[in-house]
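Enquirer: Below: one structure in structure tokens.
The values are calculated or read from the model by the stated rules, or taken from the named source; none is laboratory data. Computed from a prediction, not measured in an experiment: that's the story for all the values here. Cβ: placed from backbone, ideal geometry, glycine included. Neighbour counts: every protein chain shown. With ligands, DNA and RNA removed, areas are computed over all heavy atoms of the protein, side chains included. Shrake-Rupley method; radii C 1.70, N 1.55, O 1.52, S 1.80 Å.
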Amino acid sequence: SVLPVVPAPLHFADVCTRSYEVGGVTSLLALHSLFVLMMDHGLEYPQFYASLYCLVAPRNFYARHRTRFFRLLTSCLARSDMLPAYVVAAFCKRLCRCALSAPPSGALFVLALVSNLLRRHTECACLIHRGKRVREGNEIKDSFNADADDPEQSRALESSLWELAALERHYHPAVVALAKSVGAESDQT
């Protein structure tokens, strides 16, 4: 709320960058301010999506500030059609992983966001339609690197959204219905 009324908002870039390192809700607010500076004032912050990616964790689906976090994710990911496919795929994959252990409200948010992202970024449809999985013994190996803090190193485009099949067996009927509909739009076109 301060950035729109100050005469030189870009002077706050260093403060926001350092505030991200504090953690918790402060990191969330700092990233939101950096996003506003990037979109409205031309700030270049190449680590923005890597920083946002680090905040996507199961604990944030139970946090007190989860609504603000969901709003930030939605505005940052859905506002730009120019995001590289590997970034969109990494967010979709990490969000779906989080949805497996999230409360129903969090899972519904993830499914709606992932559905919208896949619709806008058709180059990521391979995540849904990829049936090829590598078997090692009795296990199916997923090439997604869940421990990577950078979307580029997550290898999400080589993976699939198998988490959707797991969410189709969720105990909450709304989650089941939405999980079954994700990606179905591309089958009808």
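Enquirer: Within segment 66-94, can you find the residues that are surrounded by 14 or more Cβ atoms within 10 Å (Cβ to Cβ) and farther than 16 Å from residue 31 by Cβ?
Expert: 84, 85, 86, 88, 89, 90, 92, 93
Enquirer: Taking segment 107-130, which residues are under 20 Å from residue 71 (Cα atoms), open to solvent by less than 30 Å² (accessible area, probe 1.4 Å) and free of Cβ contacts under 8 Å to residues at least 60 places away in the same chain? Show your work before the answer.
Expert: Just the residues of segment 107-130 that are under 20 Å from residue 71 (Cα atoms), to begin with: 107-121.
So of that shortlist, the ones also open to solvent by less than 30 Å² (accessible area, probe 1.4 Å) come out as 107, 110-111, 113-115, 117-118, 121.
Within segment 107-130, 110, 113, 117, 121 meet the criteria.
Enquirer: Quick check on segment 136-146. Is at least one of its residues assigned to a loop (DSSP other than H, G, I, E, B), at positive phi, surrounded by 14 or more Cβ atoms within 10 Å (Cβ to Cβ) and at pLDDT 90 or above? Break it down into steps so the answer makes sense when it comes.
Expert: Of the residues in segment 136-146, the ones assigned to a loop (DSSP other than H, G, I, E, B) are 137-138, 142-146.
Filter again for at positive phi, leaving 137.
Right, trim to surrounded by 14 or more Cβ atoms within 10 Å (Cβ to Cβ) and you get none.
No, every residue in segment 136-146 fails to be assigned to a loop (DSSP other than H, G, I, E, B), at positive phi, surrounded by 14 or more Cβ atoms within 10 Å (Cβ to Cβ) and at pLDDT 90 or above.
Enquirer: Could you tell me which residue of segment 3-16 is farthest from residue 89 (Cα to Cα), considering only residues that are open to solvent by less than 30 Å² (accessible area, probe 1.4 Å) and assigned to a helix (DSSP H, G or I)? Before the answer, list the steps.
Expert: From segment 3-16, those open to solvent by less than 30 Å² (accessible area, probe 1.4 Å) are 3, 9, 13, 16; that's our starting set.
Restricting the remaining residues to those that are assigned to a helix (DSSP H, G or I) gives 9, 13, 16.
Working: 9: 32, 13: 28, 16: 27 Å.
Of everything passing the filter in segment 3-16, 9 is farthest from residue 89 (Cα to Cα).
Enquirer: Continuing with the same structure: Quick check on my filter: what residues within segment 51-62 are in a helix (DSSP H, G or I) and open to solvent by 30 Å² or more (accessible area, probe 1.4 Å)? Full working, then the answer.
Expert: Initial filter on segment 51-62 (in a helix (DSSP H, G or I)): 51-55, 58-61.
Those that are in a helix (DSSP H, G or I) and open to solvent by 30 Å² or more (accessible area, probe 1.4 Å): 54, 58, 59.
Condition check ((1) assigned to a helix (DSSP H, G or I); (2) open to solvent by 40 Å² or more (accessible area, probe 1.4 Å); (3) at pLDDT 90 or above; (4) within 26 Å of residue 101 (Cβ to Cβ)) across all residues:
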position	(1), (2), (3), (4)
1	no, yes, no, no
18	yes, yes, yes, no
25	yes, yes, no, yes
28	yes, no, no, yes
39	yes, yes, no, no
44	no, yes, yes, no
64	no, yes, no, yes
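Enquirer: Still on this structure, I have one more. If residue 87 meets every condition in (1) within 20 Å of residue 179 (Cβ to Cβ); (2) touching a residue at least 24 places away in the same chain (Cβ under 8 Å); (3) touching a helix residue (DSSP H, G or I) at 6+ places or on another chain (Cβ under 6 Å) apart from one, which number is that one?
Expert: Here residue 87 clears every test but (1).
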